[in-house]
Amino acid sequence: MDRLKGLLVLMRPKQWVKNAFVCAPLLFTGGFIDSAALLMTGLAVVLFCFASSATYIVNDIHDIDRDRCHPKKSKSRPLAAGIVSIPQAFILLAILYCMLGLGWFFLPQVVLVILGYLVLNLAYTFILKHQPVIDIFIIAIGFVLRVYAGAVALSVPVSSWMFVTTLCLALYLAAVKRRQELKSSGSEGREVLRHYSVALIDRYAEMSATGALLFYSLFVISARPDMVITIPLVLYGLFRYWYVVETLGGGESPTDALLADWQLLAVAAIWVLACAWAIWPS
């Protein structure tokens, strides 16, 4: 039972929340009223869950020795804690890759996007996560690829506004993640953290958050004026997230910060409902 639980933890199902970005094109194109579009998007989300779990497993296998020396990861990571063996992790990884292979028969174009995501994360795990600034952009590009996969699943073009807004928001989340890692573990947590300072990452985060709000607002005002009510919700969400980071010590895991704060969950739910209400066909 412990081993089965360890395999589940190894897949990090809590992190699947990030794959909600795949649904962005479904929401903004009004496709949520079309059962076929819902099915295609749902399948794309599932495939991305398999892919993201596979990247976490590869990363944990690669970092197992370093994780064993980490005060928290040595207990929370199943491989580092010895709950799951490396051969078992490879078997689970093979199963996930096989599931992605099956996805080719249903959504081949989405699987191509996911393949790009997998290759990008392999480069990140073995090389790019040690390169300052590049490491933050790689994390952010992963979110952009999620949105792109959602658009490909629906055979709709990706809005330039959605692309740049997603990039800025993801850069904000990635910068805050690095900030909190630096504050909690110092440069011992990650090698790349030696190249950062809290003040520098704060500037990255502020610039990214400002860009996300600006580009989202321009999109709403120019293309979707009915959604203007959602701008204060986005602004409040950014403010609340920074409060959770600064005052409550969250942010090292954006998913944990979201799930642990009822106000963030509430404003996210209200934002989705407000967008759906504004976009809903007359």
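Here, each number is a calculation from the coordinates, and none is a lab measurement. Quick caveat: nothing in here was measured; it's all calculated off a predicted structure. So basically every Cβ, Gly included, is an ideal-geometry build from the backbone, and we count neighbours across all protein chains shown.
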Quick one: dipole size for the chain, taken about the Cα centre, charges +1 on Lys/Arg Cβ and -1 on Asp/Glu Cβ, in debye to the nearest 20. 420
Positive-end residue, the stretch 1-126 charge dipole about Cα centroid, Cβ charges, pick of VAL113, MET11, LEU43: MET11
GNM on the chain, C-alpha springs below 10 Å: top fluctuator among PHE48, PHE126, PHE32? PHE126
So the FRET efficiency between VAL133 and LYS14, C-beta based with R0 = 22 Å and rounded to 0.05, is 0.20
Could you calculate the contour length gain from SER85 to ALA276, that is, 0.36 nm times the residue separation minus the distance between their Cα atoms, to one decimal place in nm? 64.2 nm
Over 23 Å between Cα atoms: which of LYS129/LYS183; LYS5/LYS72; LYS5/LYS129 fall into that group? LYS5/LYS129
Relative contact order of the chain, pairs being alpha-carbon contacts under 8 Å that are 6 or more residues apart, as %: 19
Suppose only helical runs count, i.e. DSSP H with n ≥ 4. What mean residue ellipticity at 222 nm does that imply for the chain under -39500 (n - 2.57) per run, divided by all residues and rounded to the nearest 500 deg cm²/dmol? -24500 deg cm²/dmol
Span-like helix ranges in the chain, DSSP H, alpha carbon extent 24 angstrom or more, Kyte mean at least -0.5: 35-62, 86-103, 108-126, 134-154, 160-185, 198-223, 230-248, 262-279
Relative contact order of the stretch 1-126 (C-alpha contacts under 8 Å, at least 6 apart) in percent is 30
Assigning unit charges at the beta carbon (Lys, Arg +1; Asp, Glu -1) and nothing else, what dipole magnitude in debye, to the nearest 20, does the stretch 1-126 show about its Cα centre? 480
Enter the Cα centre distance for the pair the stretch 59-120 and the stretch 1-46, rounded to the nearest angstrom. 17
